[in-house]
Amino acid sequence: MGYARNIGRVGALAVALGVGFGIAGPPGAAFADTGSETTSTTSSTSDPSTTKTPSNSLSAAVSSIVHDVLSGIQHATDFAKSDVKTSDSTSKDDPRTGVVQSSGGALTSAGNAGADDPPKSDSHPSLKAALDAPESLVSSSDVVRGGPDTEPPADAAPASITPTALASPMIAETPEPPKPTTAITGIVSSVLSWAGLSPDANKTPTSPMDSPGFLAVFAWARRQFGQAMSEGAARVMAPMETSLAIAELTATPTYTLEKTIPIGAGPTGIGTSPDGTKVYVADRFTESVYVIDTSTNDVVATIPMGAGPNAVTVSPDGTRAYVGLHGTNQVAVIDTATNQVINSVKVGPGVTEVAVTPDGSRVYASNSSGSTVSVIDTATNTEITRVKVGGAPFGIAASPDGSKVYVANRSSGTVSVIDTATNTVVKTVKVGSSPRDLAITPDGSRVYVTNYGPDTVSVIDTATNTVVKTVAVGKDPIGGALSPDGAYFYTANSNDTVTVIDTATNTKVAEFSVDPQPETNVHNIAVSLDGTIYVTDYKDKAVRVISVT
């Protein structure tokens, strides 16, 4: 194997060896104390001079190290060439130190030797410039260096060389006195030999790629690199997998029309039982309430009601259903166990919607013609008071803690907030025009109001009773309902669609059709305990069942 095939790797090793050559010099040179003013005296017979150079200790140390390393790089680079240059070096006693100095550039470990000239580098202008730059900062503690005075021909035959602790490009054949060594020089020499970069028995450099040491190092490095890449890939993939899991958890559900249930002649109001087993639908034209079994989505009972049943709500314990009879200004009470009307309560004119407090003790009924809300004591089934609210009250709902009742006033475009402790209006919130329905989140923090006029939903913060967001939805929204967990608010729009609002961001995230042949008509909406959506279709005389997955 020749160097031609491995020249790139050899070049990199030359740089590393240059650092080694620089480090292997006398440690006193790099770390000598040049704190204040250092006098450098060169006692040479040929050019004695005394230079007084003030220097900063840190910059001097750094400059010395750089000088050593760059000089070492030159030696290592020359050494790594495929042909060893002919040795024409001579040696002489250095009159300054008494140490044999080779003109071939052999490094010495003579401790704190005096400064000398840098190696010649006429064939390496960039290296020469780098070496010349810090020369003014070199102190008397610098290491002795040497270099080839002339560049031999490229085709010169390899010369016989005698290895030393640190091999240089040209080493004098004249025997030298033993030189002091350091731990560093010994280590570097051992590393060079093990790496296959010291001269071998045939006096020619060994190719580093032929060295068992380098083969072992490259094998180890490859294993470490592969392991690091595997671990790195795992770390990169982990956030992606986590992100995908989060996206899956927060993805908008899929809505599928599962069934269409024929109901009466014009279904309007709709409500579900707390346990999710029943759905109650009020039909004004047939003057009846229909009971749907959610396990089969079939009608299992029809309850005659009287004139104009408009809305239906089930008590929190599921034992009673309250129906607003718009035609007779009454609220009818149904026993859900027998599906029979057991009582009726006289209220204000034009009763439209009803709501029950969480404890079941009070029923609030909106009277659209009288702009009032009737309050019913469920223990006696009697009206105990009427509360004046905005014009044409419509949708109504009680807060989860029962402290407040919110009423959507259709003609005034407001929501009245009633304090149930005093049954008085404590706040009026301006929303969109012609608000129709509303729902309160399970934690009681938000109220969602459908605005029929501008096709929007107003989001009210119950802490401040102010609108914090307005969301555009489908055409002419009337009915509104929340998913059981409060994550989504649904609006039933007049064009046979349902808009889905993500309550975490208060943004529209989906809209789907509930009718294979859509048209414009009135829709209301309710959601059962398992999340199934039920939508009344007034024109098609049906209830649409939508599964949520």
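The values are calculated or read from the model by the stated rules, or taken from the named source; none is laboratory data. In this text the structure is predicted, and so the values were computed from the model without any measurement. Glycine also receives a Cβ, built like all others from the backbone with ideal geometry; neighbour counts cover every protein chain displayed.
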- Does residue 427 count as of a type in the set (Lys, Arg), surrounded by fewer than 16 Cβ atoms within 10 Å (Cβ to Cβ) and either over 24 Å from residue 272 (Cα atoms) or outside the structural domain of residue 505 (by TED's automatic domain parsing) (or both)? no
- Query: Looking at residue 418, is it surrounded by 21 or more Cβ atoms within 10 Å (Cβ to Cβ) and more than 40 Å from the chain's Cα centre (by Cα)?
  - Reply: yes
- Go through the range 337-353 and count every residue that is surrounded by 20 or more Cβ atoms within 10 Å (Cβ to Cβ) and not small (Gly, Ala, Ser). 5
- Item | Those residues of the range 307-326 which are within 20 Å of residue 541 (Cβ to Cβ) and surrounded by fewer than 16 Cβ atoms within 10 Å (Cβ to Cβ), in sequence order | 307
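Of these, 387, 429, 407, 417, which one is in contact with a Lys or Arg (Cβ under 9 Å, 6 or more places away or on another chain) and either part of a strand (DSSP E or B) or without any contact (Cβ under 8 Å) to a residue 12 or more places away in the chain (or both)? If you could, list the steps in order and put the result at the bottom.
On the way: 387 fails: in contact with a Lys or Arg (Cβ under 9 Å, 6 or more places away or on another chain); 429 fails: in contact with a Lys or Arg (Cβ under 9 Å, 6 or more places away or on another chain); 407 fails: in contact with a Lys or Arg (Cβ under 9 Å, 6 or more places away or on another chain).
Criteria check complete, one pass: 417.
For every residue, the table says whether it meets (1) closer than 25 Å to residue 312 by Cβ; (2) in contact with a Gly (Cβ under 8 Å, 6 or more places away or on another chain).
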| site | (1), (2) |
| --- | --- |
| 474 | yes, no |
| 495 | yes, yes |
| 504 | no, no |
| 519 | yes, no |
| 525 | yes, yes |
- Please go through the range 485-527 and pick out each residue that is crowded, with 19+ Cβ neighbours inside 10 Å and among the hydrophobic types (A, V, I, L, M, F, W, C). 489, 492, 498, 500, 501, 514, 525, 526, 527
- Show the residue pairs that are 6+ apart or on different chains and have beta-carbon atoms under 7 Å apart, the first residue being within the range 444-471 and within 15 Å of residue 489 (Cβ to Cβ), the second being of a type in the set (Phe, Trp, Tyr). 447/406; 448/489; 457/448; 457/489; 459/448
- Note on the structure: Reported set for the range 483-514 where residues are of a type outside the set (S, T, N, Q), closer than 16 Å to residue 532 by Cα and assigned to a loop (DSSP other than H, G, I, E, B) is 484, 485, 486, 487, 514
- Query: Would you say residue 437 is without any contact (Cβ under 8 Å) to a residue 40 or more places away in the chain, on the phi < 0 side of the Ramachandran plot and acidic (Asp, Glu)?
  - Reply: no
- Considering 480, 453, which residue is part of a strand (DSSP E or B) and not charged (D, E, K, R)? 480
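Do you know which of the residues in the range 456-477 that are in a loop (DSSP other than H, G, I, E, B) and of a type outside the set (A, V, I, L, M, F, W, C) is farthest from residue 519 (Cα to Cα)? Quick ask: steps written out before the conclusion?
Kept after step one, since they are in a loop (DSSP other than H, G, I, E, B), are these residues of the range 456-477: 462-465, 473-477.
Going one step further and asking which of them are of a type outside the set (A, V, I, L, M, F, W, C), we end up with 462, 464-465, 474-477.
Numbers: 462: 36, 464: 39, 465: 36, 474: 13, 475: 11, 476: 12, 477: 14 Å.
If we take residues in the range 456-477 being in a loop (DSSP other than H, G, I, E, B) and of a type outside the set (A, V, I, L, M, F, W, C), then 464 is farthest from residue 519 (Cα to Cα).
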- Query: Can you name every residue in the range 241-283 that is of a type in the set (Asp, Glu) and modelled with pLDDT of 95 or more?
  - Reply: 258, 275, 283
- Could you say which residue among 400, 435 is surrounded by fewer than 24 Cβ atoms within 10 Å (Cβ to Cβ), within 40 Å of the chain's Cα centre (by Cα) and outside the structural domain of residue 507 (by TED's automatic domain parsing)? 400
- Query: Taking the range 363-384 as the region of interest, how many residues are assigned to a loop (DSSP other than H, G, I, E, B) and either surrounded by fewer than 17 Cβ atoms within 10 Å (Cβ to Cβ) or at positive phi (or both)?
  - Reply: 5
- Confirm whether residue 450 is more than 33 Å from the chain's Cα centre (by Cα), under 18 Å from residue 509 (Cα atoms) and buried (at least 16 other Cβ atoms within 10 Å of the Cβ). yes
